[in-house]
Structure formats: structure tokens, C-alpha cells
Amino acid sequence: MQNAQPRVEQLSHDYRLMLLSRRFDERVTNIIRSGVPVPHYHSGEGQEALMVAAVTPLRKTDQMIYTHRGYGHLLAKGISVREVAFDLFMKAGGTNHGLGGVMHVARPDLGVPGREGVFGGRFAIAAGFALASKLDAKDDVTLCFYGEAAGARGIMYESLNMAVLWKLPVVYVAENNGWSFSSRTEWLFPEGRMSRVWRGFEIPVEVIDGNDAEEVSATVSRAVARARAGEGPSVIEALTHRLAPHIWYDQATYQPPAEVAAQREHDPLPRTAKRLLALGMSQSELDSISQSVDQEVESAFTAAAAAPLATWEDGRRQMEAL
Amino acid sequence: MTVTKLTGRQALNRTIASALAADPHTVILGETVQLSGAPGGPLGGIYDRFGPKQVIETPVAENGIFGAALGLALAGFRPIVEIYSADFLLVVANEIIGDMCKWRQQHARSGPLPIVIRGCMGPDKGGGLGPEHSQSMEAFFHHAPGLVIITPGTPRDMVGLLRSALRSPDPVLFFEHRRVYDLVGDVPDDESFAIELGRAEIVHEGKDVTLVAWGWMRTEAELATQTLKAEGISVELIDPRTILPMDHETIARSVAKTGRLMVVEEGTRTGGVAAEVITRAAETATRPIRVARITTPDAILPYSASMEQNLFPNAKSIAAAVRAFALSEQPVGVSSH
């Protein structure tokens, strides 16, 4: 059992990143509401505990494959909110200079190699990274998030079979947020569970509360430790809620307002704040986190608004730099 | 430069072995590679020599294998992935076109992403492998930007082009025709010998007709060229060696001289590589030129070897087509059947 102090430190660190992710989403949502389209934007509202607390246990040299939804994973792996904003608005100075936008944010030096275009390829790409660690006798781990679309594809079976066969250091984390665009998870997976079938491999398969940052952190840490020790892959299914529409143009009329309101009761942000207060943090400390997050988001969006659109040459220059 | 006579299979085996020996991060992934890889292929003895850290036998799971190859390349390895038969690449079209080809650009990734996908293709000498083991696959993939496609037609080219493929910053499809495995030819012993990608070879100089052929068709076209020479028809035979990039310039220069372009393609007719070669030549010609192609007809290949044999172009049908083309002003559009 951890003593209280490091626990508060870890949780407040996670809370700050969660809030950064939330404020980013709120800011973009306001832009969309003002009538400005923001192509490729997928809000992560409601999933911050999962996105952040699953990534902060990783080392810099560990690889993280994110989903298209939400930006907390990227922030937690060390990418700045400024870079994410620049990629979102296709500005020169983001990670890919408009060649991939916010769907393909990449910082290989931080263990963020990028994201496949058609959902599902990720499982095997992650297995490949894990195979590289194993062949090089390194103890780096690859953590691969997946959603309802990717998880329905057969590549997950092919990849997990290889990962179990070769004891690869890879952790697959399902983001079960109840929706696949406008389809409910239970319409797509038996009993709405995205991990049950993998128990057949006799590896750890855990279903957890994805809105509980401490539970996410503890579960991922166990799976990562197991992977580092050469004991092979794990699957974690984190249950969470998508509190926002699927994509910027979606009105989400299929999401019953009463259901969303009930899910807001489990919003990980107030929940984590409350927990931090219970662990002894003061309200003024929470306020100061909030202020610094607001400033960071403000300065990122101001810079993004002022920056020029990226050109073809900007991206090509970065590609050709060896 | 000293040379050794080798079959295509031996030449590849030697080149692959030296690549694995030179770099521990060059690894092979594929099905049945512990034994020998695809039947008739070049991997005999490779596992015994390099072991499981460099020669990785995979489950029969192409999406998994190709995705893992991309992960390995992103992690700094140089994977050589064997597809058991080139036809099966359709299973992993998304891993190749959707992920491997686009990855560098979508992420503005600095540095190369070296992945060589190699596999045997086309009918073997006996034929009758069926329509899912005998197709020509280059046309399916040559529409994809960001890809390199190589179709060596001789043991020498197998070596020189594979060496360049292994240095390519972009993913490569390296198609090994089953009949070229058994061809014998001179291969330079010099380990630094390589052939630049995108450079055609003028196999035979001539003045009456430009004939373009690659892979196994190069050999059939060479035989046809000799036959026609005896009849007084002078053929300029060009092997582009790579389908992507295609050396349109060398072809255009030849057509400027001959005024007639015939392209031989073992693949089926519609939407083939020949169509692109002819279009480019027509677009850049400064005077009217005559064009034609000889291809396999738009047919699903039968299992029966004797039926199949009649569908592919061969030396005889190529010679007949070129003869008609060279001597007549009538349109010639030949499916080999």
C-alpha cells in the first residue's frame, strides 16, 4: 500500500492533465458552437481519467498508441497542448505540419509513434513495437488503447495470439465508452463487453471503472510491471462514458439527454477533485491548478490562432531531416 | 568485376544472408520460414544460419504479420516480410497502402521507414497453381503513392535490386517470379553491386519497335526478339525492372526513335501497368506513335494447367504480335489468347 503523499502527488499530477484535456475540449466545443467547423475533432469529454491515468505510469521510452478520441493520452505522454492545438488547426509548428492533423499527432521521441488510419491496424503495430523491445532485450512496454471499432476487427485476435505466443510486453486497453459513433456498445459486443473473449488466452483480463483515476493507474501499473518482467500481455477494459458527441458535426440526437445527465454524475473531474480534497489537498491548491491550466490553454489557442497555416513544404522539410 | 553463375533462387538466398549478417536489426518475418519459407523460394538454410532472433516464424495471420512489421520498422528494425504467395497481398492491402505507405507523410516522420515485402508470384513452369496463386500483383498496387514496386527478371537484377530495396526509405514490394527462381545467370560477386531503383535496362537495342517487358515476360520477350531479328525486324527491348517508379523517360526516348510501342504484361488487360506505360508515352510523344499491348485476357485463371497455358503471353505469341505490329498499319490489340 502506497503512503498518502506520493498518492496525492500522482493523483494531482493526473488531475492537472485531466483538466488540461477537459479545458482543451471545452475550448474547441465553444469554437464549434460559434459556427466554426473544426474538422477531425473528437471530444474526449468524460474519458479523462482513463486517458491520463493509463499513460502516466509509462516511461518516456515506452510506446503509446492512442485512439482518435480525446487528447489526454497525448498530453499525459508529454506532448504540449500547444502542439495538439497546432495540429488540430493545421498550423505550422504542430507535430506534423498539416500532413496528418490531429488524427496523426506524433512525437516518436516521446514514445508517440502515431496512429493508423483505418481502425484495427493498431493491435499489430503495437505487437511489432513490443516484439522490437523483446528482440533488443529492452524492458520497454507498448500500451495500445482501442475503441469499439478497432476492437471488433480480427486483427486484435491475430495480434493477441502473437503477443501471448511470444510473451510480448504489450498492454491493450479498451475504451468502452458505451458508443461507437451512434451505435451502442451492446449492439456490437456480447453484453456490451469488449474484452471477455480474451480470457480464453489465460492472460490477465480486467474490467475496471475507467472514471476512477486511481483504479486505472493501479491496474495499468500492474499490467505494465508484468509486461516489463517478460510475463506477456494483458487486456484492460475500462468502462467510461462519452459525454460529448462523436465528432464535431454530430448533434448526437441519439444520446438520450437523461442518460447523459446521469452519466455526468460520474464525471471523472469533479470526482477526482473531491478525492484529492479527501486525501488532504486544499481547495486553493485545486484552484491554482485550474488557473495554471486555463493559462496554458489560453496561450496555446492564442498562439495557434496567430500561427500561419502549414504548407506542404513545412511537412516535407521535417520528413527529409534525417 | 568477377561474376558467379547462380539461379535466381541462389542469388536471392546469398543477398538475403549477407543483409542479415551485416545488420542484426534486419529481420525476416513470415510463414513456415523455419523450414524454408514459401515453396520454391529462396529462404532455404536461412533460419539454420541466423536463428529465431532474425528469422521469425509467424502464425498464418497476414494482417498481424504486416502490422507487426510496421511496428518493428517504426522501432528501428529493417523487416523483410515474406508473403507466402504474392496473391495474398490483397489480404493486407490496408496494412500496405493504408498504413505503411502513408505513415511517413501523415506523421511528417523524419528518416526512412524501411520495409521490404517480398514474395513469389506468377505461374511456375508446370503452371496450374490456380487463380489465387498465379496472378500478377503489380497492377493492383501500382496505383498507391508512396510505394516502390520491383519486378526483377534475371538473377543479376534480383541481387542488384534487392540490395537497393533494402536501402529504400519507403516500403517496397519485391515480386519474385516463380520462373525467374530457376533462371541461371551471371551475378557480380562484388557485395556493393546494386541497381538504382527506377532505372530501366535496354536489354536489346533496335530501331523498328520498342518492346517493354518485365519479370518473366522479359525472358519470353527476349526469345521473341531473337526470332524477329532473324526475320529482319529490329526490336528495342526494355525491361523497366521497377514498376514504381517507372522509367518513363527511357521508354519515351526509345519510342521517339522507333515510333512504335508494344508493352507485354503477364497480368490481365484492363487497368494494367501496360495501360499506364502506353498513356505516358502517348502524352509525351512529339509525333504520332503507334501503341499496342499483349497481355493475359481479362479472365480468372483456370486451375487446369493446359487451359492456363493458353492465356499467358509467351515468346511465340509475342513474336506474332510484334510481327503484325511492325509490318502493318492496322490496329493491333492483343490478348494472348
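Read the figures in this text as sums done on the coordinates, not as results from a lab. Please read all numbers here as calculations on a predicted model, not as lab measurements. In this analysis, Cβ positions are derived from the backbone assuming ideal geometry, glycine residues included, and neighbour counts consider all displayed protein chains.
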What does the charge count near B:Gly232 come to, summing +1 for each Lys or Arg and -1 for each Asp or Glu among other residues with Cβ under 12 Å from its Cβ? +1
Can you give the % of DSSP beta bridges in chain A that are antiparallel, to the nearest 5? 15 percent
Whose amide H sits under 5 Å from the amide H of A:Val118, counting only residues 5 or more places off or on another chain, with H placed in the peptide plane? none
I'd like the mean, over residues of B:110-120, of how many other protein chain beta carbons sit within 10 Å of each residue's own Cβ. 1
Starting with the fewest neighbours, write out B:Asp87, A:Asp267 ranked by other beta-carbon atoms found within 10 Å of each beta-carbon. A:Asp267, B:Asp87
Grab the Cα-Cα distance for B:Met307 and B:Ala93, subtract it from 0.36 nm times how many residues apart they are, and report the gain in nm with one decimal. 74.1 nm
Once phi for every residue in region B:6-18 is put through the Karplus expression 6.51 cos²θ - 1.76 cosθ + 1.60 (θ = phi - 60°), the whole-Hz ³J(HN,Hα) values, with Gly and Pro written as x, are 9, 7, x, 4, 5, 4, 5, 4, 5, 5, 5, 4, 6
Contour minus Cα-Cα distance for A:Arg27 and A:Ser282 (0.36 nm per residue): 89.2 nm
Collect residues whose amide H, placed 1.01 Å from N in the peptide plane, falls under 5 Å from the amide H of B:Val291; neighbours closer than 5 in sequence don't count. B:Leu261
Check: the protein assembly as shown dipole with +1 on Lys, Arg Cβ and -1 on Asp, Glu Cβ, in debye: 620 debye
Hey, fewest Cβ within 10 Å first, where do A:Ser288, B:Ser85 land in order? A:Ser288, B:Ser85
What aspartates and glutamates could a cross-link reach from A:Lys91, if we take a straight Cα to Cα line under 15 Å and drop same-chain neighbours fewer than 8 places away? A:Glu83, A:Glu313, A:Asp314
DSSP bridge orientation in the protein assembly as shown - percent antiparallel, rounded to nearest 5: 20 percent
I'd like to know which of B:Gln226, B:Phe312, A:Ala124 lies farthest towards the positive end of the charge dipole of the protein assembly as shown, counting +1 on Cβ of Lys and Arg and -1 on Cβ of Asp and Glu. B:Gln226
Averaged across the residues of A:152-165, what count of C-beta atoms belonging to other chains lies within 10 Å of each residue's C-beta? 4
Once phi is turned into ³J(HN,Hα) by the Karplus curve 6.51 cos²θ - 1.76 cosθ + 1.60 with θ = phi - 60°, what whole-Hz value does each residue of region A:35-50 show in order, with x for glycine and proline? x, 9, x, 10, x, 6, 7, 10, 5, x, 4, x, 10, 5, 4, 5
If one computes the Cα centroid of region A:1-50 and of region B:270-315, what distance in Å separates the two points? 57 Å
Can you list residues whose amide H is under 5 Å from B:Gly267's amide H, if they're 5+ apart or on another chain and H is modeled 1.01 Å from N? B:Thr296
Percent antiparallel among DSSP beta bridges confined to region B:201-329, rounded to 5, stands at 20 percent
Loop only per DSSP, at most 14 neighbouring Cβ atoms within 10 Å: give me the GluC sites (Glu not before Pro) in region A:265-322, ordered by residue number. A:Glu265
Among GluC sites (Glu not before Pro) in region A:178-215, those in a DSSP loop whose Cβ has at most 16 other Cβ atoms within 10 Å are A:Glu202
Computed Rg/Rh for chain A (Cα atoms; Rh = Kirkwood radius) stands at 0.95
Taking 0.36 nm per residue of separation and subtracting the Cα-Cα distance, what length does fully extending B:Asp182 through B:Gln226 add? 13.7 nm
Among A:Ser217, A:Ser34, A:Ser183, residue whose mean-square fluctuation peaks in a GNM of chain A (springs only between Cα atoms under 10 Å): A:Ser34
To the nearest whole number, what is the average tally of beta carbon atoms from other chains within 10 Å of the beta carbons of peptide B:95-107? 6
Filtered hits (lysines, Cα-Cα < 30 Å from A:Lys274, offset >= 8 within chain) -> A:Lys60, A:Lys77
Rounded to the nearest 0.05, FRET efficiency between A:His40 and A:Glu206 (Cβ-Cβ, R0 22 Å) equals 0.10
If each of B:Thr279 and A:Ala149 carries a label point 7 Å out from its Cα toward its Cβ, how far apart are those two points in nm? 3.0 nm
Which one of A:Ser217, A:Ser34, A:Phe145 has its Cα pushed farthest toward the positive end of the charge dipole of chain A, where Lys and Arg give +1 and Asp and Glu give -1 at the Cβ? A:Phe145
Where Lys and Arg each count +1 and Asp and Glu each count -1, what net charge lies around B:Thr250 among other residues with Cβ under 11 Å from its Cβ? -2
To make sure I understand the rule: partners must be lysines, Cα under 29 Å from the Cα of B:Lys5, and not fewer than 8 residues away in the same chain. Which ones qualify? B:Lys125, B:Lys229, B:Lys316
Inter-centroid distance (Cα atoms) of region A:98-135 relative to region B:134-167, Å: 26 Å
Show me, for region A:57-70, the HN-Hα J-couplings you get by feeding each phi into the Karplus relation (A = 6.51, B = -1.76, C = 1.60, θ = phi - 60°), rounded to Hz, glycine and proline as x. x, 7, 7, 4, 7, 6, 9, 10, 10, 9, 9, 6, 8, x
Net +/- balance of residues flanking B:Gly37 in space, Cβ distance below 12 Å, scoring K and R +1, D and E -1: -2
Rounded to the nearest 10, the angle in degrees between the Cα long axis of helix B:155-165 and the longest principal axis of the Cα atoms of chain B comes to 60 degrees
Scoring region B:3-188 by relative contact order with C-alpha pairs under 8 Å, at least six apart, yields a percentage of 29 percent
Given a cut-off of under 8 Å on Cα pairs at least six residues apart, what relative contact order in percent is computed for chain A? 24 percent
